[in-house]
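Working notes, structure below.
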Amino acid sequence: MSQTQARTFAYVSCADSREILALELNPANGDLALVQRVPAGGAVMPLAVSPDRRRLYAGLRSAPYRAAGYAIDAHSGHLAILGYGPLPDSMPYLATDRTGNHLLSASYAGHMVAVSRLGENGVPDAPHQVSSTGPNAHAIVPDPSNRFVFVPCLGAHTIMQYRFDETDGTLLPNDPPRVAVRHGAGPRHFVFHPDGFHAYLMNELDGTVCVFAFDQDTGTLDLVQTEVAMPPGHPERPWAADIHVSPDGRFLYTSERRSSTLAVFAIAADGRLSPRGHCATESEPRGFAIDPSGNYLLAAGQASHSLTCYAIDRADGSLRELRKYAMGKNPNWVEIVTLP
């Protein structure tokens with residue numbers, strides 16, 4: 001591959017072996033090549049990439065609770081530690097705001113969210129805001145405009161709605177401060193459609209996906225559809241995990257850990273979903289990601305300690321298994337970046 005071509009790298013956090021694996025993705029055939037194993041210094045789980053793709057942030061969920069900042073080498077994809085910043089609790093979700101100046105984090109056990117400034121050196125400061133949420137905050141996601149932030153709370157069966165000041169990095173409750181979903185659904189992960197007018201919620205406890213219309217002026221959500229993501233006839237209680245939209249906005253994918261499957265949905269022009277089937281995958285697929293080209297999906301299995309690369313059919317969204325790769329122990333989060 002020419003050194004002038006863009007290169008694509010995947011980063012996989014492995015909690016129990018306490019490391020991050022860096023792999024290069026071949027855009028021609030989906031092959032993955034290990035380029036680096038990075039000791040993380042703790043039980044590493046959530047990852048987040050800065051908007052400029054120059055830094056990777058990792059949350060350590062073993063004490064002392066910290067966020068690690070890494071520089072991403074634009075040529076090799078290698079990670080170099082920049083430093084650590086404290087977190088107020090074990091945080092299962094990290095995100096940067098759209099400017100890359102603040103690190104947002106959510107705590108399931110602590111029922112809180114936090115905001116930390118990111119200095120020019122890439123190291124997170126101690127949080128300057130820590131706010132209580134409903135029970136079991138499971139994610140924290142800024143909207144495309146960076147003026148609003150959303151926090152699914154699994155135990156409260158709500159999504160909390162905030163206004164966000166990107167200048168000083170502060171959250172304030174929006175009006176209304178929350179939107180409810182069906183009791184017992186278990187709101188978990190949340191993503192926006194590329195059009196900015198729709199958003200999707202993965203519910204962990206009932207295995208459903210909620211479709212919301214998003215008002216860009218008020219920063220509020222309106223529930224318009226709920227679809228089942230579980231495979232037909234599966235008898236066990238759902239344990240759904242992750243959710244992602246393809247870069248072209250045509251398909252949505254979810255992962256479910258009891259059945260070890262990925263669900264595929266087509267997305268209509270109005271944002272609504274139509275089921276397109278299920279694909280067997282790694283055992284307990286907690287995290288997966290779609291590469292920026294939209295050609296490949298990488299799914300990691302917490303119980304299988306491996307990752308499978310799938311080719312995405314751009315016509316119908318279906319997945320074709322390409323190859324399985326051994327990971328560290330308990331791979332749980334995947335981030336993919338393309339670097340110039």
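Can you report the number of residues in region 303-316 which are over 26 Å from GLU19 (Cα atoms) and either surrounded by fewer than 21 Cβ atoms within 10 Å (Cβ to Cβ) or free of Cβ contacts under 8 Å to residues at least 60 places away in the same chain (or both)? Residues flagged as over 26 Å from GLU19 (Cα atoms) and either surrounded by fewer than 21 Cβ atoms within 10 Å (Cβ to Cβ) or free of Cβ contacts under 8 Å to residues at least 60 places away in the same chain (or both) within region 303-316 amount to 5. Name the residues in region 169-190 that are assigned to a strand (DSSP E or B) and buried (at least 19 other Cβ atoms within 10 Å of the Cβ), would you? LEU171, ASN174, ARG178, VAL179, PRO187, ARG188, HIS189, PHE190, listed by residue number. Does any residue of region 15-30 turn out to be surrounded by 20 or more Cβ atoms within 10 Å (Cβ to Cβ), more than 19 Å from ALA95 (Cα to Cα) and acidic (Asp, Glu)? Yes, the conditions are met somewhere in region 15-30. Whenever a residue of region 327-340 is among the small types (Gly, Ala, Ser), its partners that are open to solvent by less than 20 Å² (accessible area, probe 1.4 Å) and in a loop (DSSP other than H, G, I, E, B), lying with C-beta atoms within less than 9 angstrom and at least six residues away or across chains, give the pairs GLY328/ALA15. Residue count for region 271-302 under the criterion of being open to solvent by 10 Å² or more (accessible area, probe 1.4 Å), closer than 28 Å to ALA213 by Cα and either basic (Lys, Arg) or free of Cβ contacts under 8 Å to residues at least 60 places away in the same chain (or both): the result is 9.
Just one of the listed residues (GLY249, GLY196) is under 19 Å from the mean Cα position of the chain (by Cα), exposed (fewer than 15 other Cβ atoms within 10 Å of the Cβ) and in a loop (DSSP other than H, G, I, E, B), and it is GLY196.
Condition test on SER90, is it crowded, with 19+ Cβ neighbours inside 10 Å, polar (S, T, N, Q) and in contact with a Leu (Cβ under 9 Å, 6 or more places away or on another chain)? It is false that SER90 is crowded, with 19+ Cβ neighbours inside 10 Å, polar (S, T, N, Q) and in contact with a Leu (Cβ under 9 Å, 6 or more places away or on another chain). Scan region 216-241 residue by residue and report those that are open to solvent by less than 70 Å² (accessible area, probe 1.4 Å) and either outside any loop (DSSP other than H, G, I, E, B) or in contact with a helix residue (DSSP H, G or I) (Cβ under 9 Å, 6 or more places away or on another chain) (or both). THR220, LEU221, VAL224, GLN225, GLU227, ALA240, ALA241 - these are the residues of region 216-241 that are open to solvent by less than 70 Å² (accessible area, probe 1.4 Å) and either outside any loop (DSSP other than H, G, I, E, B) or in contact with a helix residue (DSSP H, G or I) (Cβ under 9 Å, 6 or more places away or on another chain) (or both). Residues in region 66-80: is at least one farther than 19 Å from ARG286 by Cα, in contact with a Phe, Trp or Tyr (Cβ under 9 Å, 6 or more places away or on another chain), of a type in the set (Val, Ile, Thr) and open to solvent by less than 30 Å² (accessible area, probe 1.4 Å)? Yes; the residues of region 66-80 include at least one that is farther than 19 Å from ARG286 by Cα, in contact with a Phe, Trp or Tyr (Cβ under 9 Å, 6 or more places away or on another chain), of a type in the set (Val, Ile, Thr) and open to solvent by less than 30 Å² (accessible area, probe 1.4 Å).
Residues checked against (1) among the aromatic types (Phe, Trp, Tyr); (2) in contact with a strand residue (DSSP E or B) (Cβ under 7 Å, 6 or more places away or on another chain); (3) open to solvent by 10 Å² or more (accessible area, probe 1.4 Å); (4) without any contact (Cβ under 8 Å) to a residue 40 or more places away in the chain:
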position: LEU82; (1), (2), (3), (4): no, yes, yes, no
position: LEU103; (1), (2), (3), (4): no, yes, no, no
position: TYR108; (1), (2), (3), (4): yes, yes, yes, no
position: ALA126; (1), (2), (3), (4): no, yes, yes, no
position: THR133; (1), (2), (3), (4): no, yes, yes, yes
position: ASN146; (1), (2), (3), (4): no, yes, no, no
position: PHE150; (1), (2), (3), (4): yes, yes, no, no
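Does VAL38 count as in contact with a strand residue (DSSP E or B) (Cβ under 9 Å, 6 or more places away or on another chain) and open to solvent by 10 Å² or more (accessible area, probe 1.4 Å)? Judged against the criteria, VAL38 is a match. Can you spot a residue in region 141-149 that is within 21 Å of LEU221 (Cα to Cα) and among the aromatic types (Phe, Trp, Tyr)? Yes, some residue in region 141-149 is within 21 Å of LEU221 (Cα to Cα) and among the aromatic types (Phe, Trp, Tyr). LYS324 meets the conditions (1) under 27 Å from GLY59 (Cα atoms); (2) in a strand (DSSP E or B); (3) over 19 Å from the mean Cα position of the chain (by Cα); (4) in contact (Cβ under 8 Å) with a residue 60 or more places away in the chain in every case but one. The failed one is (4). So how many residues does region 259-297 have that are part of a strand (DSSP E or B) and either at pLDDT below 95 or polar (S, T, N, Q) (or both)? Summing the residues that are part of a strand (DSSP E or B) and either at pLDDT below 95 or polar (S, T, N, Q) (or both) in region 259-297 gives 2.
Can you find a residue in region 8-25 that is farther than 25 Å from ALA241 by Cβ and either over 20 Å from the mean Cα position of the chain (by Cα) or not in a strand (DSSP E or B) (or both)? For region 8-25, residues farther than 25 Å from ALA241 by Cβ and either over 20 Å from the mean Cα position of the chain (by Cα) or not in a strand (DSSP E or B) (or both): absent.
The values are calculated or read from the model by the stated rules, or taken from the named source; none is laboratory data. What you are looking at is a predicted structure, and each value in this text was computed from that prediction instead of being measured. Glycine also receives a Cβ, built like all others from the backbone with ideal geometry; neighbour counts cover every protein chain displayed. For the accessible areas, the whole protein counts, side chains as well, though only heavy atoms, and no ligand, DNA or RNA atoms are used. Shrake-Rupley method; radii C 1.70, N 1.55, O 1.52, S 1.80 Å.
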